[in-house]
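*Asks:* Can you read through this structure? Questions will come right after.
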Amino acid sequence: MGRRRTDLARLVTYAAAAFPGIGICSGPHESSTASSVIVFGLASAHLRQPTRVPIPEDDKGAHLIGQNRSSDEVQLDKARNLPTSNSTSRLTTTKMAQEYVWLITGANRGIGLEMVKQLLQSPSNVVVAASRNPAKATELQELAEKANGKLHLVVLDVTDKESINKAAKEVAGFLGGKGIDYLINNAGVVLGGEDTAFSLDVDVLTKTFVTNVAGPAYVTQAFIGFVEKSEKKTVVNISSTMGSIGSDFGAIGASYAISKAALNMLTYKEAKEKPDITVISMCPGWLQTDMGGPNASHPVSVGVEGVLKTILSLKSENSGQFFNFQGQHVPW
Ligand SMILES: NC(=O)c1ccc[n+]([C@@H]2O[C@H](COP(=O)([O-])OP(=O)(O)OC[C@H]3O[C@@H](n4cnc5c(N)ncnc54)[C@H](OP(=O)(O)O)[C@@H]3O)[C@@H](O)[C@H]2O)c1
């Protein structure tokens, strides 16, 4: 285990040194179980000129209120022409009348939970937090108590069709005819650790696919009616640059990487089939969660803030594309 960590650390250091100035989008992820260690991806900046999602002046971070941000981060946003905390607060106030509904899978911890927290900072957002076991999701329950009806907790296991269908019925009940503006397929697993094409266990590959590919496919099928009747009509598949051939992350993390590459194709197919909705793949960055591990390059709050800014800035022409949390295109 120690040697494995050292090897991965060396690889990340190599990537950062080889491509100075790039954002490392996802890095060696260690799950809480000793056997599963993985994976990393890199933003595409070394492969092509970064292309950011254009952020319209009147829509910059409209549903976000700034986090506790360092002056460096604020300066960075200014440099990128992104909103700072003060400007987002002002914009939030002016947009209060408009409500947007978000549904997030895997919302009980990690990136999903952080999305819920950040979205609830604006009264513009209604959030449906889906998780396998909301009864044990104490942080979600605490948030729901203070959310004045803006946070709904539903049971949803992305590997279980019955659970997904039941959740869709429940959501129809409390949304009362409203749509879902943003469907975020966030739930995901890393089961294969550092496996490779020639060492992977096909049962592990299959299980990884069931959660990371079939799960988002079926959740989107079940909820597409809600998305289609919303204003924003947006589906976000949380992927990873590990699933990007163009980012070239070598041999390891095969089961996870293959599943995320397949998820990216699902994004493309969904976008092609339904041009009236906006579907993207999104790499949230290498973030400090149970999956990303404590040594990940960014706190979860930073990655999620970037993810939300990018989502809020999407245009219909971005459908079928792959972005990272810095709003840059990731190559397939
Ligand atoms: N963290 C990173 O550095 C990073 C980098 C690139 C991409 N990503 C992607 O970002 C997403 C979230 O990652 P994370 O870092 O937040 O991971 P995490 O901390 O391990 O959390 C995973 C979440 O997915 C949920 N989940 C797993 N299987 C599920 C199922 N069958 N049904 C419903 N929920 C399920 C978990 O719920 P339980 O608590 O019930 O297990 C948990 O809420 C994943 O898709 C991951 O691949 C993460």
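Only the coordinates and a few stated rules stand behind these numbers; no lab work does. Keep in mind the model is a prediction, meaning the values are calculated, not measured. Note that each Cβ is placed from the backbone with ideal geometry, even for glycine, and that neighbours are counted across all protein chains shown.
*Asks:* Only Cα pairs under 8 Å and at least 6 apart count here; give the relative contact order of region 174-332 as a rounded whole percent.
*Replies:* Numbers: 298 pairs, mean separation 38.1, N = 159.
After rounding, I find 24 percent.
*Asks:* Give me D for region 211-275 in µm² s⁻¹, whole number, from Stokes-Einstein with Rh from the Kirkwood sum over alpha-carbon pairs, 10 °C and 1.306 mPa s. All intermediate terms of the calculation are to be shown ahead of the outcome.
*Replies:* Values: Rh = 12.8 Å.
Estimated via Stokes-Einstein, D reaches 124 µm²/s.
*Asks:* Please work out how much length the chain gains when fully extended from Asp290 to Lys146, using 0.36 nm per residue of separation minus the C-alpha to C-alpha distance, in nm with one decimal. Don't skip to the answer; put the middle values down first.
*Replies:* On the way: separation 144, 0.36 × 144 = 51.84 nm, distance 2.56 nm.
Extending this stretch completely gives an extra 49.3 nm.
*Asks:* Give the order of Glu139, Glu162 when sorted by the count of other beta carbons within 10 angstrom, beginning with the fewest. If you can, show how the numbers build up before the last one.
*Replies:* On the way: Glu139 14, Glu162 8.
Exposure proxy ranking, most exposed first: Glu162, Glu139.
*Asks:* Label Ser301 and Glu228 with points 7 Å out from Cα along Cα→Cβ: what is the distance between them in nm?
*Replies:* Distance between label points: 4.1 nm.
*Asks:* If I model a spin label at Ala135 and Asp203 as a point 7 Å from the Cα along the Cα→Cβ vector, what separation in nanometres do I get?
*Replies:* 2.9 nm
*Asks:* For Gln98, project a label point 7 Å along Cα to C-beta. Then give me every residue of region 315-332 with its amide nitrogen under 15 Å of that point.
*Replies:* In region 315-332, the label zone of Gln98 (backbone N under 15 Å from the point 7 Å along Cα→Cβ) covers 315-316.
*Asks:* Along the positive direction of the dipole of region 196-332 (beta-carbon charges: Lys, Arg +1; Asp, Glu -1; about the Cα centre), which of Phe249, Ser281, Thr234 reaches farthest?
*Replies:* Thr234
*Asks:* Hey, another quick one. Between region 202-217 and region 119-171, what is the separation of their alpha carbon centroids in Å?
*Replies:* 23 Å
*Asks:* Rank these for me by crowding, Asp276, Asp195, going from fewest to most other beta carbons within 10 Å. Show your work: numbers first, answer last.
*Replies:* Values: Asp276 9, Asp195 23.
Starting with the residue having the fewest Cβ neighbours, the order is Asp276, Asp195.
*Asks:* Sticking with this one: Using only Cα positions of region 138-187, each an equal point scatterer, no hydration layer, compute I(q)/I(0) via Debye at q = 0.14, 0.21, 0.29, 0.33 Å⁻¹ and quote the log10 values to two decimals.
*Replies:* Each listed q corresponds, in turn, to -0.42, -0.94, -1.23, -1.19.
*Asks:* Any idea what Rg and Dmax come out to for region 181-241 if you just take the C-alpha atoms, in Å?
*Replies:* Cα radius of gyration and Dmax of region 181-241 are 14.5, 46 Å respectively.
*Asks:* Within region 146-184, report the trypsin sites (Lys or Arg not before Pro) that DSSP leaves as loop and that have at most 10 other Cβ atoms within 10 Å. Walk me through the numbers on the way to the answer.
*Replies:* Numbers: sites: Lys146, Lys150, Lys161, Lys166, Lys169, Lys178; in loops: Lys150, Lys178.
Those that pass, being in a loop and sparsely packed, number zero.
*Asks:* How high is the relative contact order of region 136-252, in percent, with contacts defined as C-alpha pairs under 8 Å that are six or more residues apart?
*Replies:* Values: 112 pairs, mean separation 36.7, N = 117.
That works out to 31 percent.
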